[in-house]
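The values are calculated or read from the model by the stated rules, or taken from the named source; none is laboratory data. Note that this is a predicted model, so its numbers are computed, not measured. Ideal geometry is used to build each Cβ from the backbone, glycine not excepted, and the neighbour counts take in all protein chains shown. Please note that ligands, DNA and RNA were not included when accessible areas were found on the heavy atoms of the full protein model with its side chains. Shrake-Rupley method; radii C 1.70, N 1.55, O 1.52, S 1.80 Å.
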Amino acid sequence: MNASDGMFLQKGDRVVFYGDSITEQQLYTNYVEAYLAARYPELSLSFFNAGWGGDTAPGGLKRLDRDVLSIKPTVVTLCYGMNDGQCASPSEAIRNQFVAGMRELVARLKEHGVRVVLMTPGMVDESVNPGLKSVQYNMLGLRMLADEVLKLAATEQLPVCDIHKLMNDVDTRAKAAVPGFCMIPDSVHPDPAGHLVMAFGLLRALGVPARRLEVSGAMGTSDVLCAGGISSARMRRKRDGCVLAMKIDSLPFFVEPAARKVLPFLPFQETFNECKL
């Protein structure tokens, strides 16, 4: 059995990331692409970013043929809602417009045989923007739209990640531990740390299994225990100690320095990137 067995992605998939300016930032999307390319090169995946600043679900529907279907994708991830909520208090008009757009996006993609993955809208940092705080945009407006995405995923039996909840949970833990912590400096667009949280959620929604490398053994012996992606390992004696030689079947993922501040509050390394010797 291959390590990729059971994943949502299949060999040769053409993946389009579709959404608004947060997708257009090409951060969470690049993290997911880099992780999958390093860990599963045998899948020969292709990736395309079709994020568009200021976009909404109905807006995405209007440009679907030009920006997505023309690429002939096999998988599309949808991340909308930040602009659909209009930075306002929740209303039935906002809800209905968003739901109609999302439902039609899913329906059109399914018509073309595309496999769809849903993401709820992320979060805003109301401590940075008093205007958003005054309407409780995070826990009312965006939460309302996030709940609608989860309902749609259940109805259509689609993989989904509640990015809104995940980001809020991580942000709450981080702010409690580190005064002044912020991963959304302009209140709306995440920095690399915030995008790493999004990438973590999307990797889980795609069914990417936990990945750990571990080698253990008694020093001075020739046999070691290999696990978690290490295809072979041998330890040989030298006069001044031992030398361990390993052959691994995939590359580790590099978390860029700008994203590392969130690692104490997000189990990214422990889940996807752990190596123990």
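The table for this structure:
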quantity	calculated
Criterion (crowded, with 20+ Cβ neighbours inside 10 Å, at pLDDT 95 or above, on the phi > 0 side of the Ramachandran plot and not basic (Lys, Arg)) met by exactly one of Gly85, Gly81, Gly54	Gly81
Residue pairs meeting the criteria (Cβ under 8 Å; at least 6 apart or on separate chains; first touching a residue at least 12 places away in the same chain (Cβ under 8 Å), in the stretch 121-133; second among the polar types (S, T, N, Q) and surrounded by fewer than 15 Cβ atoms within 10 Å (Cβ to Cβ))	Glu126/Gln136
Boolean, Ser91 is open to solvent by 30 Å² or more (accessible area, probe 1.4 Å), polar (S, T, N, Q) and farther than 27 Å from His189 by Cβ	no
Thr74 being surrounded by fewer than 20 Cβ atoms within 10 Å (Cβ to Cβ), of a type in the set (S, T, N, Q) and under 17 Å from Pro159 (Cα atoms)	yes
Scan of the stretch 134-193 for residues that are small (Gly, Ala, Ser), closer than 21 Å to Thr77 by Cβ and open to solvent by less than 60 Å² (accessible area, probe 1.4 Å), ordered by number	Ala146, Ala153, Ala193
Residue that is outside any loop (DSSP other than H, G, I, E, B), over 21 Å from Gln26 (Cα atoms), of a type in the set (Gly, Ala, Ser) and in contact (Cβ under 8 Å) with a residue 60 or more places away in the chain, where the choices are Ala146, Ala199, Ala193	Ala146
Test set (1) within 20 Å of Leu203 (Cα to Cα); (2) buried (at least 22 other Cβ atoms within 10 Å of the Cβ) - Val124 fails condition number	(1)
Of residues in the stretch 1-56 being among the aliphatic types (A, V, I, L, M), without any contact (Cβ under 8 Å) to a residue 60 or more places away in the chain and assigned to a helix (DSSP H, G or I), the one nearest to His195 (Cα to Cα)	Ala37
